[in-house]
Amino acid sequence: MVGAGGAIINYLFPGARGAPESKGAENIVSMEDIRLEQGLHEECGVFGIYDPEGSCAQTTYYGLYALQHRGQEACGIAAINDREQSFYKDVGLVSEVFDRETLQRLNGTMAVGHVRYSTTGENTRENAQPLATKYVKGTLTIVHNGNIVNAVALRRELEQQGAIFQTTNDTEVIAFLIARERLHTPSIEAAVSRVVPRLTGSFSLLVMSPKKLIAVRDPFGIRPLCMGKLPGGVLFASESCAFEATGAGLVRDVAPGEIIIVSNGEIHSDRSHCQRKSSLCIFEHIYFARPDSVIDGQSVYQARRNMGRILAQEAPVEADLVLGVPDSGVPPALGFAAESGIPYADGIVKNRYVGRTFIEPTQAMRQLGIRLKLNPLRSVIEGKRLVVIDDSIVRGNTSKKLVQMLRDAGAAEVHLRIVSPEVRWPCFYGIDTDTRDQLIAANMDLDEMNAWIGSDSLAFISLEGLRASVPDARRQGFCDACFTGDYPVAIPDSVAKKSLLTKKDFEETYGEGAADEARPRTR
């Protein structure tokens, strides 16, 4: 929220004087039921800039626009101008939340921004980021991509020491820890460095103090973070595509465990938390990242083309056409077509104007589900044997409906080919997946999945094939725990206890029907 003269209206009280009300909040109905059927979702994207001569808030706006695919529920921008901080955030898309007048009020030589998909904390304005607050040393603003696995334990510890929290997300826990450490350290970067070892999980952070912009990536590098350059400025973003949108150039990725400090235009690097092993989430290349991004030296688009090519070698099939499920399924479909010699066709049309909510939808509208986003082209697919390329299968509901839609449109055969291995384990590092009892591949074998989905054949890329699809990555370590159950960061027993049980195990332990009752809507 932007206060008079750029002062902060305390984020702890979203209904405070001067705080705008959410647009039509009483009429907004969440798309939770629909989004749960649409596979994996990543938590958010971050952007930050130091540029004394530029329009930092406007540049951040363009950067967030380029990162909108990483989160569509809420967004925000905060700026610092000679120790005066201003910020604005709300639920909604970047284009809905910000206008020219709002951006003009966000003046500053530094700015940070955030787009959010909630995996920890409800989707409310107070949970939106940036998280901006005042404390005894001045102001502290944070944007965060990832998930702190031990956030509940840290929060409980802090509450027992007298801390009062006003949000339900893990970013506020990080902010409190940094503010507390700052009381006993000579600089904000020293405070950040002392907090890093206490955080278990994934985190790409941007921390803004009155005079410094600090970028932090967790020691395993699970979530991406890169640095860019303008003639007079330094930028950070979750993906390099944000630099293209702002006219900046990519300098390099922030190393796993690295802390980069920008102060008065000078850049300093602290690598005291770096380690040899890295574990970038492999789903960045499969699904999350935009295809025009480069992560750790690997073109995302080329990685996806490689996945399709390798999948064609591993799971060939006789067919008339190759189709890609938009958008992430299209590059691998092109790779599959090129390798197999089967022609590629645009046989599935995506509605790009489906937003995060509906206004007063009927139950019938909710049940439309996948048809609101995807529609088959009968003139292309009728009578044809199809190879359909998709990025993943989580619960299987979307795949089942897609196959039926294609058959209804006249497809003679539907062969599903998936460019990720079977998702058998939940993610605890910032991806919105269910508990293990809800993952179809954890509870059915390949033939059972194929029969339930209704496809003529079903095949997944091998883990070895997936790894071979990213040959240009400078760091070959990846987190593939959702396929293997091999988690690079230890998961507390209190978090993992129920999440790692299959449906059969869950029912045997907690009773019939307990799995559905215990299923979390968000983590």
Leading residue by the ranking (farthest from GLY45 (Cα to Cα)) among those in segment 123-140 that are over 20 Å from the mean Cα position of the chain (by Cα) and crowded, with 21+ Cβ neighbours inside 10 Å
LEU140
Residues of segment 380-439 that turn out to be closer than 22 Å to ILE491 by Cα, open to solvent by 10 Å² or more (accessible area, probe 1.4 Å), of a type in the set (D, E, K, R) and not in a helix (DSSP H, G or I), as a count:
3
Those residues that are open to solvent by 30 Å² or more (accessible area, probe 1.4 Å) and modelled with pLDDT under 90, I need them from segment 166-187; list them, please.
GLN166, THR168
Qualifying position, being modelled with pLDDT of 95 or more, open to solvent by less than 40 Å² (accessible area, probe 1.4 Å), in contact with a Lys or Arg (Cβ under 8 Å, 6 or more places away or on another chain) and of a type in the set (Gly, Ala, Ser), among GLY329, GLY324, GLY335, GLY369
GLY335
Flagged in segment 291-313 as open to solvent by 10 Å² or more (accessible area, probe 1.4 Å), closer than 21 Å to SER238 by Cα and not in a strand (DSSP E or B), in numbering order, are PRO291, ASP292, GLY297, TYR301, GLN302
Flag for ALA442 being touching a residue at least 12 places away in the same chain (Cβ under 8 Å), farther than 21 Å from TYR117 by Cα and out of contact with any Leu (no Cβ under 7 Å at 6 or more places or on another chain)
yes
Would you please list the contacts, defined by Cβ atoms under 8 Å and residues six or more apart or on different chains, that run from a residue in segment 322-343 that is touching a residue at least 12 places away in the same chain (Cβ under 8 Å) and closer than 10 Å to MET307 by Cβ to a residue that is among the charged types (D, E, K, R) and open to solvent by 50 Å² or more (accessible area, probe 1.4 Å)?
PRO331/ARG305; PRO332/ARG305; GLY335/ARG305; GLY335/ARG309; PHE336/ARG309
In segment 329-352, anything part of a loop (DSSP other than H, G, I, E, B) and either of a type in the set (D, E, K, R) or in contact with a strand residue (DSSP E or B) (Cβ under 8 Å, 6 or more places away or on another chain) (or both) is listed as GLY329, ILE342, PRO343, ALA345, ASP346, GLY347, ASN351, ARG352
Just to confirm my filter: which strands (runs of 3 or more DSSP E) fall fully inside segment 1-91 and include at least 2 residues that are crowded, with 19+ Cβ neighbours inside 10 Å, modelled with pLDDT of 90 or more and aliphatic (A, V, I, L, M)?
44-50, 74-81
Filtering helices (runs of 4 or more DSSP H) wholly in segment 148-260 for at least 3 residues that are without any contact (Cβ under 8 Å) to a residue 24 or more places away in the chain and farther than 22 Å from VAL115 by Cα gives 151-160, 171-182, 188-195
Among the candidates GLU284, GLU258, GLU266, single out the residue that is buried (at least 19 other Cβ atoms within 10 Å of the Cβ), acidic (Asp, Glu) and farther than 30 Å from SER340 by Cβ.
GLU258
Restricting attention to segment 269-290, report how many residues are closer than 30 Å to VAL330 by Cα and either over 23 Å from the mean Cα position of the chain (by Cα) or not in a helix (DSSP H, G or I) (or both).
7
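The values are calculated or read from the model by the stated rules, or taken from the named source; none is laboratory data. Nothing here was measured: the structure is a model prediction, and the numbers come from that model. Every residue, glycine among them, receives a Cβ derived from its backbone with ideal geometry; neighbour counts consider all protein chains shown. Areas reflect the complete protein model, heavy atoms only, side chains present, ligands, DNA and RNA absent. Shrake-Rupley method; radii C 1.70, N 1.55, O 1.52, S 1.80 Å.
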